[in-house]
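What follows is one structure encoded as structure tokens, with my remarks underneath.
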Amino acid sequence: MATNMRDIKREIKSKQNMKQITKAMEMVAASRLRRAQEAAQAARPYAEKMQEVVFSIASGTKDVRHPMLQKRPIRKTGYLVITSDRGLAGGYNANILRKLSQTIQARHKSSDEYALFVIGRKGRDYFRRREMPVVEQVIGLPDSPSFADIKSVAYTAVKMFEEAAYDELYLYYNEFVNPLTQIPTEKRLLPLESDEAGESASENASYEYEPSAQGVLDALLPKYAETLIYSALLDGKASEFGARMTAMGNATKNATKLINELSLTYNRARQAAITQEISEIVAGANAQA
């Protein structure tokens, strides 16, 4: 009985230590979430305005031609997926990787039909274990990433589409809604279709181009695609911290529940030990009498 009580007490201490860790991680994630959420929200108006300008040029100028606006027969597809470097974030990584894996299985018969660009160690390790073709990867991003941190992979993904290394490019990331809700999202990045441009462009928008509409579009289109990737990364960071805060909060609650259950078990064992000792003393006294 004494040994059993010592084991229970040791287990209670272990759960208390774990609770302190998960609580601290929850608070850290909450503080980082606020900054990440502000950054994600601040990036959206810029991306939306650039989209308006690009689509207005594309739909309003008949002589404009660019590889990023041309729809080609689909022989190969590029996928850029955003994950985290660390775990302990609930289903943040698993959900987006599962969604992409199911898409690849449904669309492609062999690894020659697609190419992967990966941001985050979790995604890199996932595809490496499955020997799937990763063209470029970025790991070790800070909690508040700048565009320079992912410029290389974004530039390469867009440039390879322009060079017809593949015929469409999809972006996979977790869209941040609130700290409790992150939506695994697929967004087709390239090509930009003319009918989509027509729907998105502002009817009243009027621009003067210098040196020409074609020249402006040649400069803007790659920047626009790279901006969408960076905006998705900021959404992904906010989603990561929201998911981690929620996961650590749930872990703290579970630890508290286990501590209460173990404490109840310990008190019952202690009560049984005391009762047994009293019974033995009474029995000894009766025997002497």
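The values are calculated or read from the model by the stated rules, or taken from the named source; none is laboratory data. Note that this is a predicted model, so its numbers are computed, not measured. Quick reminder, even Gly has a Cβ in these numbers, built from the backbone with ideal geometry, and neighbours come from all protein chains shown. These area figures cover heavy atoms from the full protein model, side chains too; ligands, DNA and RNA do not enter into them. Shrake-Rupley method; radii C 1.70, N 1.55, O 1.52, S 1.80 Å.
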>> Here is a list: 42, 58, 94. Which entry is within 21 Å of the chain's Cα centre (by Cα) and either closer than 30 Å to residue 252 by Cβ or open to solvent by less than 40 Å² (accessible area, probe 1.4 Å) (or both)?
In response: 94
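Per-residue answers, yes or no, for (1) within 24 Å of residue 188 (Cα to Cα); (2) without any contact (Cβ under 8 Å) to a residue 60 or more places away in the chain; (3) assigned to a loop (DSSP other than H, G, I, E, B):
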{"residue": "217", "(1), (2), (3)": "yes, no, no"}
{"residue": "220", "(1), (2), (3)": "yes, no, no"}
{"residue": "234", "(1), (2), (3)": "yes, no, no"}
{"residue": "244", "(1), (2), (3)": "no, no, no"}
{"residue": "252", "(1), (2), (3)": "no, no, no"}
{"residue": "259", "(1), (2), (3)": "no, no, no"}
{"residue": "263", "(1), (2), (3)": "no, no, no"}
{"residue": "275", "(1), (2), (3)": "no, yes, no"}
> Which residues, taken from the range 13-30, are open to solvent by 50 Å² or more (accessible area, probe 1.4 Å) and not hydrophobic (A, V, I, L, M, F, W, C)?
Replying inline: 13, 14, 16, 17, 19, 20, 23
> When the residues of the range 97-117 are filtered to those that are open to solvent by 20 Å² or more (accessible area, probe 1.4 Å) and out of contact with any strand residue (DSSP E or B) (no Cβ under 9 Å at 6 or more places or on another chain), which remaining residue is nearest to residue 250 (Cα to Cα)?
Replying inline: 102
> Which ranges mark the helices (runs of 4 or more DSSP H) fully within the range 81-176 that have 1 or more residues being under 12 Å from residue 240 (Cβ atoms) and among the hydroxyl-bearing types (Ser, Thr, Tyr)?
Replying inline: 92-107
> Within the range 28-51, is there a residue that is of a type in the set (Asp, Glu) and closer than 23 Å to residue 243 by Cα?
Replying inline: yes
> If you go through the range 118-168, how many residues are open to solvent by less than 10 Å² (accessible area, probe 1.4 Å) and of a type in the set (Phe, Trp, Tyr)?
Replying inline: 3
